[in-house]
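This report refers to the structure that appears directly beneath it.
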């Protein structure tokens, strides 16, 4: 096995994945157009280059990019030099783009898989991400060494592009749940119920989800809003999920309404807000309570 890998995109997720591969024994080279991102990766011991062409032909490549458009621009360059074995795209991309890149890679004797991930930066740093994989059987086998290093589980959904579809559906469901749990806890608050108590009660019953059990207690009710995932990215994913649905004749009304809430939140809060800050627009009473609790705690510590 060639333990040489390139990571393209050294942001929160890409930088963490580069570090994980390096700890697992891979020789890792990173590229990002941002000098600041390259500097952060270099501080973690990752070798970096300042052009994408410099890593063309690397046997294994991990993509962690902002959009399908940038994936489509990058892959031909990476395949322009012989040597590529597998390109693993962890970007939350678009199914048509992944299918086209898979076909292009096959023409060059290489593999391309769409493997968008879940688990956040913590999962990327610990090598415990989960991945939704769209790939041919042969491409999945070629990409296995990277998947084994970065994930604790990966599910082969189907052919090229299908990983993107299910990841987008996962994210729009999470987006809808973040809005609905916030609204429900705001109602509880209006009745004088501590939202933390309400969340714990819901989490022990049929309304439970990771949103109620973890996201609201850890990031919303605490007032920290420090998940590390940007609101702009979730709003993008929710909108894209509706786009791919309508392209196949499906018109999911509830999910579309949730996506609309996220577009409104994006307009109010901006793309760089933490995605858990959507609670401040769908359930402002919770933000008021979290702020009051934080103030009381600070005064108690003085």
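The values are calculated or read from the model by the stated rules, or taken from the named source; none is laboratory data. Keep in mind that this is a model prediction, so the values were computed, not measured. Glycine gets a Cβ as well: all are built from the backbone with ideal geometry, and neighbour counts include every protein chain shown.
At a glance:
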read-out	value
Residues being surrounded by fewer than 18 Cβ atoms within 10 Å (Cβ to Cβ) and under 20 Å from residue 284 (Cβ atoms) - total across region 201-251	6
Residues of region 130-158 classified as touching a residue at least 40 places away in the same chain (Cβ under 8 Å) and part of a strand (DSSP E or B), total	1
Condition check for residue 261: in contact with a helix residue (DSSP H, G or I) (Cβ under 9 Å, 6 or more places away or on another chain) and either within 20 Å of residue 93 (Cβ to Cβ) or modelled with pLDDT under 95 (or both)	no
Scan of region 37-53 for residues that are in a helix (DSSP H, G or I), touching a strand residue (DSSP E or B) at 6+ places or on another chain (Cβ under 7 Å) and surrounded by fewer than 21 Cβ atoms within 10 Å (Cβ to Cβ), ordered by number	38, 42, 52
Residue, surrounded by the fewest Cβ atoms within 10 Å (Cβ to Cβ), within region 1-25, restricted to residues that are out of contact with any helix residue (DSSP H, G or I) (no Cβ under 7 Å at 6 or more places or on another chain) and within 18 Å of residue 126 (Cβ to Cβ)	25
Residue check for residue 102: under 18 Å from residue 156 (Cβ atoms), in contact (Cβ under 8 Å) with a residue 40 or more places away in the chain and in a loop (DSSP other than H, G, I, E, B)	no
Residue 34, sole failed condition from (1) at pLDDT 95 or above; (2) more than 24 Å from residue 144 (Cβ to Cβ); (3) surrounded by 14 or more Cβ atoms within 10 Å (Cβ to Cβ)	(3)
Any hit, region 116-125, residues being within 20 Å of residue 78 (Cα to Cα) and outside any helix (DSSP H, G or I)	yes
Restricting region 75-96 to residues that are assigned to a helix (DSSP H, G or I) and without any contact (Cβ under 8 Å) to a residue 40 or more places away in the chain, the residue that is nearest to residue 154 (Cα to Cα)	75
Among the candidates 201, 159, residue that is more than 16 Å from the chain's Cα centre (by Cα) and farther than 28 Å from residue 231 by Cα	159
